[in-house]
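**Q** Pasting a structure here, questions to come.
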Protein chains: 2
Amino acid sequence: MQDKLNLMIPGPTPVPENVLSSMSRHPIGHRSKDFQKIVQETTSQLKWLHQTTADVLTITGSGTAAMEAGIINTLSKGDKVICGDNGKFGERWVKVARAYGLEVIVVKAEWGQPLDPNKFKTILEDDINKTIKAVIITHSETSTGVINDLKAINNEVKKHSEAIIIADCVTSLGASNIQMDEWGIDVIASGSQKGYMIPPGLSFVAMSEKAWEANQQSNLPKFYLDLKQYLKTVNQNSNPFTPAINLYFALEASLTMMQKEGLNNIFARHARHQKATQEGVKAMGLKLFAEQSFGSPAITAVEPENVDAENIRKAMKSDFDILLAGGQDHLKGKIFRIGHLGFVNDRDIISVISALESTLDKMGKLNAPIGQGLAKTISVLNEE
Amino acid sequence: MQDKLNLMIPGPTPVPENVLSSMSRHPIGHRSKDFQKIVQETTSQLKWLHQTTADVLTITGSGTAAMEAGIINTLSKGDKVICGDNGKFGERWVKVARAYGLEVIVVKAEWGQPLDPNKFKTILEDDINKTIKAVIITHSETSTGVINDLKAINNEVKKHSEAIIIADCVTSLGASNIQMDEWGIDVIASGSQKGYMIPPGLSFVAMSEKAWEANQQSNLPKFYLDLKQYLKTVNQNSNPFTPAINLYFALEASLTMMQKEGLNNIFARHARHQKATQEGVKAMGLKLFAEQSFGSPAITAVEPENVDAENIRKAMKSDFDILLAGGQDHLKGKIFRIGHLGFVNDRDIISVISALESTLDKMGKLNAPIGQGLAKTISVLNEE
């Protein structure tokens, strides 16, 4: 039905009405006092969201632009880095690092498995001359629905190395409790169309003091993504280049909503929806692609048996106007992914589980009585 | 008055109501068929606007990102280039080129003067071994209100060189008749918050076949701005990274409006408004900063005598809710700039001229009878 689509993909995620309407305001001058107020306010809100006193910079671009900025502003040609790779995004950061001539040690895990902190430990321990400059990892690997143990990997980095840690938190920030300062994460990259509940177009890089120290040595060429320029201007509540002004209106509106809800409530909501989704899916006889214990709070990947996952996805869209994500690369047709990231309520969760039961039943592929998945989901949602 | 601001700066420019409201639609999936249709449609519209059959790629980022992309996708470290510099933006492209290790021959003109095509000719003629790989120029130099003679400079390039020409058309595209294919411009960069009549956040790079040939040799590191990735995906009506979906809605709406108006009508409207502004300003005894013959169709820079230009700007904003641009760098306080770019009608022109007369009169700085400026403006607007 026209205009009735519910986005349950890992991004873009649903956008609240008041955030949408904020974007249809006429733009104002980006060098005006009124806009400076918005930059000042959102910068302070971003620090709150990142649980940090460090600088959080806003770039007009995608999450990839933010991650690339984090990498190329702290490293130099030939620098040795470890890069975790257990999915599409981990793969991407290896490519970015190599595009800039970094020497990349790739730590792999199978798609659907989390990165093993011990592998990082071993490499870092063996690096007696401390030649490894950075550890780059994806926190929530969107392509597989796996959350990597950022805290544990960071602990190994802190114990055995002086390397900085650069984290892709694009689909974990605002869904999972990431304590940038407390843990000592050096670079966090994120994007607007995720936990932020706004449309795509803005991305964010948080940089610790240690990251800025590394920046002093960094010699990789850059201009639009040169974070020094963003730092200089953010201190004047401004931007180095004309930013996406209307998305700033949206950012202010959504971060204000998030502050009203409170960080812990946001994390609890995501954890609850994650569990309700996982349990409901299992109860209707479907297999989780990633084991429940390392499932992402943003997205649940499901591996249906004896049925093309793309057919389920298509039916969910045509019959219920629910958009799910498919599998990428070799997982296409093998998995589908249910996003429960950002502006998601209990109704979204019960409706996706119900619709999934109906869809499988219609296909003759439901391996459980109708309602069994939903019953489990409801019982999780009703847990005290 | 709240919400009553009229943007008469070189960007962001005014946005039509239907374009604004298109942005408050809920985002759709960027890998969906519905979004592919939008990419297909806007790509075809962009080619129309660029008067080209070449590829026009859409980047989520500012005009600087598009210009940087044009430079770093066609050149290699150590390449020799000529870069025109007669204002803030010319200066910027010199910086970008140097940031990537290009050898830059700077062709300068005073701020307020146009670049001299003969200077390009001399350097290109002297380059007997054809070592110069690119000529980089700003078409409309927004900081000074000067339009450089892109066609004449391009003619010198074509006559004396095999270099590609990379043009910053950020504030000229959609205001001035730029015939990409007919003239043989290789790279054109532009940005959404200008002649496009949409808010900032999208930028565009058009690439000729010759530019793509140069791309084969280009070894400068890039990832987010790697245009090969954009080319590959645009051919599938898609994007390499999550784009600013809601700005695409706006783009489609505004380009549809532009197609209805027609290219020649758009150019004629800008030329008429430019002349009406220039003549009105002169008739009220003010001095044009750039000579009338090389004034930009996007913006008219005015150099008031015996009065701080910033005070005029402030009064125009507080008394009439008209936002003008100030002077940049050493021109701050010396000039103000009247934008007449994009979604501008005759009412905007007569109101800015009238308000300027009133403001100068109130300050005791009007050196002509009240109404003399407006009379001249009206007579230009009423010319057949």
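**Q** How many residues does the range A:1-29 hold that are more than 7 Å from chain B (Cβ to nearest Cβ) and either in a helix (DSSP H, G or I) or under 30 Å from B:LYS314 (Cβ atoms) (or both)?
**A** 5
**Q** Scan the range B:353-379 for residues that are within 26 Å of B:LEU5 (Cβ to Cβ), aliphatic (A, V, I, L, M) and either out of contact with any strand residue (DSSP E or B) (no Cβ under 6 Å at 6 or more places or on another chain) or not in a helix (DSSP H, G or I) (or both) and jot them down.
**A** The first filter runs over the range B:353-379 and keeps only residues within 26 Å of B:LEU5 (Cβ to Cβ), leaving B:353-363, B:365-366, B:370-371, B:373-374, B:377-378.
Filter again for aliphatic (A, V, I, L, M), leaving B:353, B:355-356, B:360, B:363, B:366, B:370, B:374, B:378.
B:ILE353, B:LEU356, B:LEU360, B:MET363, B:LEU366, B:ILE370, B:LEU374, B:ILE378 - these are the residues of the range B:353-379 that are within 26 Å of B:LEU5 (Cβ to Cβ), aliphatic (A, V, I, L, M) and either out of contact with any strand residue (DSSP E or B) (no Cβ under 6 Å at 6 or more places or on another chain) or not in a helix (DSSP H, G or I) (or both).
**Q** For B:LYS332, indicate whether it is in contact with a strand residue (DSSP E or B) (Cβ under 7 Å, 6 or more places away or on another chain) and without any contact (Cβ under 8 Å) to a residue 24 or more places away in the chain.
**A** yes
**Q** Taking the condition of being part of a loop (DSSP other than H, G, I, E, B), within 24 Å of the chain's Cα centre (by Cα) and charged (D, E, K, R), how many residues in the range A:207-233 meet it?
**A** Total meeting the criteria: 1.
**Q** Then there is this: Somewhere in the range A:72-90, is a residue more than 16 Å from the chain's Cα centre (by Cα) and aromatic (Phe, Trp, Tyr)?
**A** No: zero hits.
**Q** Still on this structure: Among A:LYS47, A:LYS77, A:LYS33, which is the only one that is in the same structural domain as A:CYS169 (by TED's automatic domain parsing), surrounded by fewer than 20 Cβ atoms within 10 Å (Cβ to Cβ), touching a strand residue (DSSP E or B) at 6+ places or on another chain (Cβ under 9 Å) and not hydrophobic (A, V, I, L, M, F, W, C)?
**A** A:LYS47
**Q** Name the residue that is surrounded by the fewest Cβ atoms within 10 Å (Cβ to Cβ), counting only residues in the range B:331-384 that are within 28 Å of the chain's Cα centre (by Cα) and at positive phi.
**A** The residue in question is B:GLY333.
**Q** Looking at the range A:79-90, which of the residues that are under 13 Å from A:MET67 (Cα atoms) and in a helix (DSSP H, G or I) is nearest to the other protein chains (Cβ to nearest Cβ)?
**A** A:PHE89
**Q** Would you pick out the residues in the range A:43-68 that are of a type in the set (S, T, N, Q), closer than 21 Å to A:TYR224 by Cα and assigned to a helix (DSSP H, G or I)?
**A** A:THR43, A:THR64
**Q** If you go through the range B:1-23, how many residues are farther than 17 Å from B:THR242 by Cα, touching a residue at least 12 places away in the same chain (Cβ under 8 Å) and over 18 Å from the mean Cα position of the chain (by Cα)?
**A** 9
**Q** Does B:GLY101 fit the bill of being in contact (Cβ under 8 Å) with a residue 12 or more places away in the chain and either in a loop (DSSP other than H, G, I, E, B) or facing chain A (nearest Cβ under 8 Å) (or both)? Before the answer, list the steps.
**A** Working: in contact (Cβ under 8 Å) with a residue 12 or more places away in the chain: yes; either in a loop (DSSP other than H, G, I, E, B) or facing chain A (nearest Cβ under 8 Å) (or both): yes.
For B:GLY101, the condition - in contact (Cβ under 8 Å) with a residue 12 or more places away in the chain and either in a loop (DSSP other than H, G, I, E, B) or facing chain A (nearest Cβ under 8 Å) (or both) - is met.
**Q** For the range B:155-182, how many residues meet the condition of being over 16 Å from B:VAL56 (Cβ atoms), more than 14 Å from every other protein chain (Cβ to nearest Cβ) and not charged (D, E, K, R)?
**A** Residues meeting the conditions: 10.
**Q** Please specify each residue of the range B:212-237 satisfying the condition of being under 26 Å from A:PHE223 (Cα atoms), away from every other protein chain (no Cβ under 13 Å) and buried (at least 16 other Cβ atoms within 10 Å of the Cβ).
**A** B:TRP212, B:ALA214, B:ASN215, B:LEU227, B:LEU231, B:VAL234
**Q** Any idea which of A:THR144, A:THR122, A:THR138 is under 21 Å from A:SER208 (Cα atoms), among the β-branched types (Val, Ile, Thr) and either surrounded by fewer than 22 Cβ atoms within 10 Å (Cβ to Cβ) or not assigned by TED's automatic domain parsing to the domain that holds A:HIS270 (or both)? Explain how you work it out, then say what you get.
**A** Numbers: A:THR144 fails: under 21 Å from A:SER208 (Cα atoms); A:THR122 fails: under 21 Å from A:SER208 (Cα atoms).
Of A:THR144, A:THR122, A:THR138, the one residue that is under 21 Å from A:SER208 (Cα atoms), among the β-branched types (Val, Ile, Thr) and either surrounded by fewer than 22 Cβ atoms within 10 Å (Cβ to Cβ) or not assigned by TED's automatic domain parsing to the domain that holds A:HIS270 (or both) is A:THR138.
**Q** If you don't mind, another one. Regarding B:SER76, is this residue in contact (Cβ under 8 Å) with a residue 24 or more places away in the chain, assigned to a loop (DSSP other than H, G, I, E, B) and of a type in the set (Ser, Thr, Tyr)?
**A** yes
**Q** Which condition breaks for B:LEU7 when tested against (1) buried (at least 20 other Cβ atoms within 10 Å of the Cβ); (2) in contact with a Pro (Cβ under 7 Å, 6 or more places away or on another chain); (3) on the phi > 0 side of the Ramachandran plot?
**A** (3)
**Q** Let me ask another. Find the residue count for the range A:106-118, including only residues that are surrounded by 17 or more Cβ atoms within 10 Å (Cβ to Cβ) and in a helix (DSSP H, G or I).
**A** 1
**Q** A further question follows. With (1) buried (at least 19 other Cβ atoms within 10 Å of the Cβ); (2) within 14 Å of chain A (Cβ to nearest Cβ); (3) not small (Gly, Ala, Ser) as the list, and B:VAL281 as the residue in question, which single condition is left unmet?
**A** For B:VAL281, the failing item is (2).
**Q** In this structure, does A:ALA315 turn out to be assigned by TED's automatic domain parsing to the domain that holds A:VAL352, within 28 Å of A:ASP3 (Cβ to Cβ) and touching a strand residue (DSSP E or B) at 6+ places or on another chain (Cβ under 8 Å)? Steps first, answer last, please.
**A** Details: assigned by TED's automatic domain parsing to the domain that holds A:VAL352: yes; within 28 Å of A:ASP3 (Cβ to Cβ): yes; touching a strand residue (DSSP E or B) at 6+ places or on another chain (Cβ under 8 Å): no.
Answer is no for this residue.
**Q** For the range A:251-273, does any single residue satisfy the condition of being surrounded by 24 or more Cβ atoms within 10 Å (Cβ to Cβ), within 14 Å of chain B (Cβ to nearest Cβ) and either under 21 Å from A:SER140 (Cβ atoms) or modelled with pLDDT of 95 or more (or both)?
**A** Yes; the residues of the range A:251-273 include at least one that is surrounded by 24 or more Cβ atoms within 10 Å (Cβ to Cβ), within 14 Å of chain B (Cβ to nearest Cβ) and either under 21 Å from A:SER140 (Cβ atoms) or modelled with pLDDT of 95 or more (or both).
The values are calculated or read from the model by the stated rules, or taken from the named source; none is laboratory data. This structure is a prediction, so every number in the text was calculated from the model and none was measured. Positions of Cβ are generated from backbone atoms using ideal geometry, with glycine treated the same way; all protein chains shown enter the neighbour counts.
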